[in-house]
1. Does residue 378 satisfy the condition of being over 19 Å from the mean Cα position of the chain (by Cα), outside the structural domain of residue 249 (by TED's automatic domain parsing), modelled with pLDDT of 95 or more and buried (at least 17 other Cβ atoms within 10 Å of the Cβ)?
2. Working carefully through the options 119, 89, 95, find the one that is modelled with pLDDT of 95 or more and over 29 Å from residue 284 (Cα atoms).
3. Which ranges mark the helices (runs of 4 or more DSSP H) fully within the stretch 5-111 that have 1 or more residues being farther than 30 Å from residue 388 by Cα?
4. Report yes if residue 265 is loosely packed, with under 14 Cβ neighbours inside 10 Å and assigned by TED's automatic domain parsing to the domain that holds residue 233, otherwise no.
5. Just checking, does the stretch 204-225 include any residue being away from the ligand (no atom under 16 Å from the Cβ) and in a helix (DSSP H, G or I)?
6. Here are some conditions: (1) free of Cβ contacts under 8 Å to residues at least 40 places away in the same chain; (2) more than 24 Å from the chain's Cα centre (by Cα). Residue 55 meets all but one. Which one does it not meet?
7. Residue by residue through the stretch 1-37, note down the ones that are touching a residue at least 12 places away in the same chain (Cβ under 8 Å) and farther than 17 Å from residue 343 by Cα.
8. Within the stretch 227-252, can you find the residues that are crowded, with 24+ Cβ neighbours inside 10 Å and near the ligand (Cβ under 9 Å from one of its atoms)?
Ligand SMILES: Cc1ncc(COP(=O)(O)O)c(C=O)c1O
């Protein structure tokens, strides 16, 4: 077996199960799960219907590139959402089976492990766990940039030396960020593009939470949008990863796309052809109509907004809680250690949250997730409100 597999860490939810194993949750209360970032709002009927209407697609092998009508639907969405003047559906868009598999396989296609100096993959810390596994299995060393409350969870690129940058082949950024909820600013994009121009690394921009935000007039800035507004010539060394899972409440459908640098996507497509990761034709049909509709996404945001507003009212006096820029997570400092808080909440109040330290690694002498928990407001409104009341009681 590949010995690098031994370097993969247990997934945070495995660690959580172990932590809570043997603890009996308060039997007088119904369980409420806020630890997994799985959307729970209903899947829109028109998406389900489109799946049913296209079942004859099962009789055909799909192409890795996906149908032109799907890529065109995605390109149209990208142009409207990010006010782009052009994006070529034939060279700058590839449908993927959810952003997770693409985030993973992208590193396998991008990283050249046969360089004189061992390659580095940079990502924020805490981070979405796939980045680390993808880097390790591609033969690279992950380098963690701690995102800290004192810097408003911004990435501080100045932490990296020129030596690390010169070995860096890939940078994963996640904006809106899981778990901190922070959205990268134009200045930060400008800085990152300048570093990429200087050192030649590829940027993988994970934007799977881009459509979960609170102010309808201020959608989060995207990487393609930033590149366009900064007057860059196309999207050099930039690939974004997007998904219908959160936007359209279809996490089980496994549908997303990558878009950006045509030369990189051409090679990624070749990789994917061998990897065998073409999108199911039935899913392609449902994805096309999902990307073409915004009404259900506006309604989805309304439901999250309602939950977050109520949660803020209940918790603001009891926890140092702030609204995320976007995403459906609260990333909140705990009054006791994150692990103890999680155990107490489960034991006494039957609520599951995720300890922040499980989403981060110790780097530069600290685990930046320590004494934070991630609370996913995915459950229905009444359950979320009930959970917030219980969390409040846990803090009193
Ligand atoms: C930051 C981040 N990126 C990517 C994903 C993967 O989402 P999907 O594969 O459903 O598109 C997730 C899922 O929770 C996530 O939190």
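1. Numbers: over 19 Å from the mean Cα position of the chain (by Cα): no; outside the structural domain of residue 249 (by TED's automatic domain parsing): yes; modelled with pLDDT of 95 or more: yes; buried (at least 17 other Cβ atoms within 10 Å of the Cβ): yes.
Judged against the criteria, residue 378 is not a match.
2. 119
3. On the way: elements: 12-20, 45-53, 68-82, 99-110.
Ranges flagged: 45-53, 68-82, 99-110.
4. On the way: loosely packed, with under 14 Cβ neighbours inside 10 Å: no; assigned by TED's automatic domain parsing to the domain that holds residue 233: yes.
So residue 265 does not fit the description; no.
5. Keep residues of the stretch 204-225 that are away from the ligand (no atom under 16 Å from the Cβ), which gives 214-219, 221, 224-225.
From the residues that got through so far, the ones that are in a helix (DSSP H, G or I) too are 224-225.
Yes, the stretch 204-225 contains a residue that is away from the ligand (no atom under 16 Å from the Cβ) and in a helix (DSSP H, G or I).
6. (1)
7. 2, 4, 5, 7, 8, 9, 11, 37
8. Selection gives 241, 242, 243, 244, 246.
The values are calculated or read from the model by the stated rules, or taken from the named source; none is laboratory data. Bear in mind the structure is a predicted one, so any value in this text is a computation, not a measurement. Reconstructed Cβ throughout: ideal geometry from the backbone, glycine too, with neighbour counts over all protein chains shown.
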